[in-house]
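Novice: Let me begin by handing over the structure; questions about it come next.
Taken together, the values in this text are just the output of simple stated rules run on the coordinates, not laboratory data. Everything quoted here is computed from the prediction, not taken from an experiment. Cβ: placed from backbone, ideal geometry, glycine included. Neighbour counts: every protein chain shown.
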Amino acid sequence: MKIHRLLTKSWPWIVGVAALTTAAQAMHGAQPAGTDSCGLGLPPDAAGFAQQKEQRASEVKNNGFLRVCEANLQRYSVTFVPMVAATLGLDFEPVNLRSTPFARLDSLGGRSETVTDTQSRLYRGFRTPEGYTLTLFEHDMSADGSSMWRDPKDEPERINGLPARLLVLQASSGRSVSVLSWLQGRRYYEIWLEANAARNPMRARLFDLASSLPLSVPACPNETPPRRAALGPDGFPVDEPMPLTLTTEQMEALSRERSCK
């Protein structure tokens, strides 16, 4: 699946990368308290966004999870293929799991994704001893030149000292997905567990798995670091306006393949 470069401004209540692939179909709107949320919620510049965010934060604090509809959980379902096929033509080196607890889990295979024609994302699936599906997602943003902004206030957890966030989503059917996400340099990680890891031993195991990952090696170690996002009055990044006209040199520079040299 091809995905365009990441937007710098995103909906902060949900971190799942797969949500970006379905944003065009998402239905926006606030739901009354105690009901299942569907879609990505209100965008940051919409009226009622702050109220909705506060309402959801309160729900997570009280229940340990956010109530969502089944459609929101479908975003975390991946059809895996054999790892040989999943990693064929990959444009970055995934972290080695051989000396980590992941190696003791049953492998379900993998799946790769491209961003602007660069195969820079990889999903690896596992089965836990309890029978839960667990997915490790990694995105090497140095490979495709994309960037990401994350609100520090939404990252109260720590993984090897790095800011992280755990979000637990649960439908009225009882089905749950726990999403742990963090950035390590130019590598973005998510671990999805198809279980509620808010208040049981699975939470500690989830963090142990994340902490066990070795340091990643960026595909483009000598890239020019992305410019730091400028924040607007609402605390979210402000997109730079496109110039009205481009010189021939600027157009050629945009069309040239990004170099890692």
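Novice: Applying the Karplus parametrisation 6.51 cos²θ - 1.76 cosθ + 1.60 with θ = phi - 60° to the phi angles of the stretch 174-191, what ³J(HN,Hα) value in whole Hz is obtained for each residue in order, glycine and proline being reported as x?
Specialist: Karplus-based 3J(HN,Hα) across the stretch 174-191 equals x, 5, 10, 9, 9, 10, 9, 9, 6, 10, 10, x, 9, 9, 9, 10, 9, 10 Hz.
Novice: Still on this structure: Return the long-range amide H neighbours of LEU66 (sequence gap of 5 or more, or a different chain), with a cut-off of under 5 Å between placed amide H atoms.
Specialist: Placed amide hydrogens put VAL168, LEU169, GLN170 under 5 Å from LEU66.
Novice: Separate question: Starting from the Cα gyration tensor of the stretch 59-120, multiply each eigenvalue by 5, take the square root, and state the resulting semi-axes largest first in whole Å.
Specialist: Each semi-axis is the square root of five times an eigenvalue, giving 29, 18, 13 Å.
Novice: In addition: With a cap of 10 neighbouring Cβ atoms within 10 Å, and only residues DSSP puts in a loop, list the GluC sites (Glu not before Pro) found in the stretch 111-213.
Specialist: Answer in residue order: GLU130.
Novice: Can you list residues from other chains, or at least 5 along the same chain, whose modelled amide H is less than 5 Å from the amide H of GLY109?
Specialist: Amide H neighbours of GLY109, under 5 Å, 5+ apart: GLY125.
Novice: Skipping prolines and chain starts, which residues have an amide H placed within reach, meaning under 5 Å, of the one on LEU97, given they are 5 or more residues away or on another chain?
Specialist: Result for LEU97 returns nothing.
Novice: Report the full-extension gain for the segment LEU246 to SER107: residue separation times 0.36 nm, less the Cα-Cα distance, to one decimal in nm.
Specialist: This chain segment gains 45.1 nm when fully extended.
Novice: Peptides 145-155, 68-78: what's the order by average Cβ count within 10 Å, highest mean first?
Specialist: Sorting 145-155, 68-78 by mean packing, highest first, produces 68-78, 145-155.
Novice: Karplus couplings for the stretch 66-82 from phi (6.51 cos²θ - 1.76 cosθ + 1.60, θ = phi - 60°), rounded to Hz, Gly and Pro as x?
Specialist: Result, ordered by residue: 9, 7, 9, 7, 4, 4, 5, 6, 4, 5, 9, 9, 10, 8, 8, 10, x Hz.
Novice: According to the square roots a ≥ b ≥ c of the eigenvalues of the Cα gyration tensor, what is the shape class of the stretch 132-202, taking rounded for a/c under 1.5, prolate for a/b larger than b/c otherwise, and oblate for the remainder?
Specialist: prolate
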